[in-house]
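K.L.:
Structure provided below as structure tokens; questions to follow.
The values are calculated or read from the model by the stated rules, or taken from the named source; none is laboratory data. Being a predicted model, the structure only gives us computed values, none of them experimental. Accessible surface areas use protein heavy atoms only, side chains included; no ligands, DNA or RNA. Shrake-Rupley method; radii C 1.70, N 1.55, O 1.52, S 1.80 Å.
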Amino acid sequence: MMDAKLKHLEMIQAVITRMAQNSFLLKGWSITLVAAILALSANTSHSLPIFFVAALPVLMFWGLDAYFLRQERLFRKLYDNVRECAPEDITFSMNT
């Protein structure tokens with residue numbers, strides 16, 4: 001019974017790790033994309049349209065990052081719930 005609980009906790013921990021990695025990668029891609037847009041637009045004098053073009057990916061990545069952080073928090077709560085439950089109550093549910 002205890003092995004089942006440990007396996008379930010390992011499954012949840014793997015999902016939490018994957019969510020944290022996705023969030024980290026999104027932040028890196030956001031910085032890279034905005035830096036590339038601003039570097040390519042350095043020769044132009046139209047700063048306001050370039051600002052909006054650079055702000056669009058920031059807003060998109062911000063929304064995705066918020067989604068991954070929310071999912072990570074939900075899985076952390078699930079981890080805590082599974083950790084506190086009795087070994088015979090393990091259902092291997094990943095429903096947050």
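K.L.:
222 nm [θ] for the chain, helices only, -39500 (n - 2.57) per DSSP H run of 4+, per residue, to 500?
P.N.:
Values: 2 runs with 77 residues, N = 96.
Calculated mean residue ellipticity at 222 nm is -29500 deg cm²/dmol.
K.L.:
Once the piece of chain linking Arg73 and Ala55 is laid out straight, how much longer is it, given 0.36 nm per residue of separation minus the C-alpha distance between them?
P.N.:
3.8 nm
K.L.:
Moving on. Specify the angular offset, from 0 to 90 degrees and rounded to the nearest 10, of the alpha carbon long axis of helix 2-40 from the longest principal axis of the alpha carbons in the chain.
P.N.:
0
K.L.:
To continue, here is another question. Among Tyr67, Tyr79, what's the order by accessible area (1.4 angstrom probe), most exposed first? Could the numbers behind the result be given before it?
P.N.:
Details: Tyr67 120, Tyr79 60 Å².
From most exposed to least exposed: Tyr67, Tyr79.
K.L.:
How would Met1, Met94, Met19 rank on accessible area, largest to smallest, probe 1.4 Å?
P.N.:
Output order, biggest surface exposure first: Met1, Met94, Met19.
K.L.:
Which label marks the calculated value of Cα Rg over 2.2 N^0.38 Å, given the options (i) 0.95; (ii) 1.62; (iii) 1.10?
P.N.:
(ii)
K.L.:
Could you order Asp3, Asp80 so the one with the most accessible surface comes first? Probe is 1.4 Å.
P.N.:
Listed by decreasing accessible area, they come as Asp3, Asp80.
K.L.:
Round to a whole number: what % of the accessible area of the chain belongs to carbon and sulfur, probe 1.4 Å?
P.N.:
Details: 4630 of 7010 Å².
Using a 1.4 Å probe with all protein chains present, the chain comes out at 66 percent carbon and sulfur.
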